[in-house]
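Participant: Before we start, here is the structure in question, set down as structure tokens.
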Amino acid sequence: MGPFTLAVDAKTSSAISSDASNRKMQDLQLEPKKFFASVNARDDKPFDFLRILFEGVIAGGTAGVVVETALYPIDTIKTRLQAARGGGKIVLKGLYSGLAGNLAGVLPASAVFVGVYEPAKQQLLRNLPENLSAVAHLTAGALGGIAASFIRVPTEVVKQRMQTGQFASAPDAVRLIASKEGFKGLYAGYGSFLLRDLPFDAIQFCLYEQLRIGYKLAAKRDLNDPENAIIGAFAGALTGAITTPLDVIKTRLMIQGSANQYKGIFDCVQTIVREEGPSALLKGVGPRVLWIGIGGSIFFGVLERTKRILAERRPNNQRYSKTK
């Protein structure tokens, strides 16, 4: 008796193949389209909050100090352009005025921001559907911005008062502002600061993360430092241009001191437009885009490199993954 063989009619085989093909097409049609880059964080190892927090604080503080030191003169010019009423001249002396005091605030603010952003982002990525990663990045950026604002605002007030020549040193600025305007003087323009920084932080970090995910999926490999820096520059420059009017309003409210030229955000906008024209809301857009574009390049480049170094120094020597 010969070996058992299974005979299949050619027409039946063709029909089976056709049915399988049709089912694949139907599955593809039923699969929802993803409008944002997606990432799956559910298969990662257990969520280690303390490690993520620690590495975020170190990486964020390092990146913030490097950026602020490198680009402080551009920020000073931007502030003086925005503060000038009418056709006032811009003084180019003392471009590093207030840097030391500002670094004392930038270091903890950047550390707090990334320290909140990283755990929030990774937890949200675990809980949200893959195609809603942009929502995770936007939300985490806003949460980081709120947490850091309690340090950022007094730092920004002192820095901008010094940049515009109102005080000679950071300690004098803090003491005199507190004595003349009270503790709330150190939080002058807090509402306008949140109005500018919350959208800025959310948009910038969302753009950066989404571009990285998309680029990585297209390249099918991890990104190197120059690529992270270029993506950071693009995200920063675009976000900086969009939020310039909010930055002008914030600057005017913060530097007005006890003069109270503006009664609030809306009064500030109306007064600027009435007295100087709508174009005044774009004052300093050039230096701002340049500053934030270059700053984004440095910040995200240093951030990713620092996170990688910290990951390589972990006790279990886990390999750092960029898929976030």
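Values quoted throughout were computed directly from the atomic coordinates according to the rules given, and no laboratory measurement underlies them. Because the structure is predicted, anything quoted here is derived from the model rather than measured. Reconstructed Cβ throughout: ideal geometry from the backbone, glycine too, with neighbour counts over all protein chains shown.
Participant: What is the Cα convex hull volume of the range 64-189 when expressed per residue in Å³? Could you put the intermediate results ahead of the total?
Facilitator: Numbers: hull volume 16.2 nm³, N = 126.
Cα convex hull per residue, to the nearest whole number: 128 Å³.
Participant: Then there's this: Between S179 and F266, how high is the FRET efficiency from 1/(1 + (r/R0)^6) when r is the Cβ-Cβ distance and R₀ = 45 Å? Nearest 0.05.
Facilitator: Details: r = 30 Å, r/R0 = 0.66.
The formula returns an efficiency of 0.95 here.
Participant: Direction-averaged shadow area of the convex hull around the Cα atoms of the range 96-157, nm²?
Facilitator: Details: hull surface 17.8 nm².
Averaging across all directions leaves 4.4 nm² for the Cα convex hull.
Participant: Viscosity 1.306 mPa s, temperature 10 °C: give me the Stokes-Einstein translational D for the range 196-241 in µm²/s, with Rh taken as the Kirkwood radius over C-alpha pairs.
Facilitator: Working: Rh = 10.9 Å.
So the translational diffusion coefficient is about 146 µm²/s.
Participant: Let me ask something else about it. What translational diffusion coefficient, to the nearest whole µm²/s, does the range 151-244 have by Stokes-Einstein, given a Kirkwood radius computed over alpha-carbon pairs, a temperature of 10 °C and 1.306 mPa s viscosity? Spell out each step's value before the answer.
Facilitator: Working: Rh = 15.7 Å.
For these conditions, the coefficient is 101 µm²/s.
Participant: Need one number: nm distance between label points at Q166 and N224, each 7 Å from Cα along Cα→Cβ, rounded to one decimal.
Facilitator: 4.7 nm
Participant: For the range 234-321, what ratio Rg/Rh do Cα atoms give with a Kirkwood hydrodynamic radius? Walk me through the numbers before you get to the answer.
Facilitator: On the way: Rg = 19.6 Å, Rh = 15.7 Å.
Result for the range 234-321 is an Rg/Rh of 1.25.
Participant: Just to confirm a number: summing +1 for Lys and Arg and -1 for Asp and Glu over residues other than E276 whose beta-carbon lies under 10 angstrom from that of E276, what do you get?
Facilitator: Values: positive: R85, R274, K283; negative: E275.
Computed value for this residue: +2.
Participant: Okay, next question. Using 7 Å Cα-to-Cβ label points, what is the A70/I146 separation (nm, one decimal)?
Facilitator: Rounded to a tenth, the inter-label distance reads 3.1 nm.
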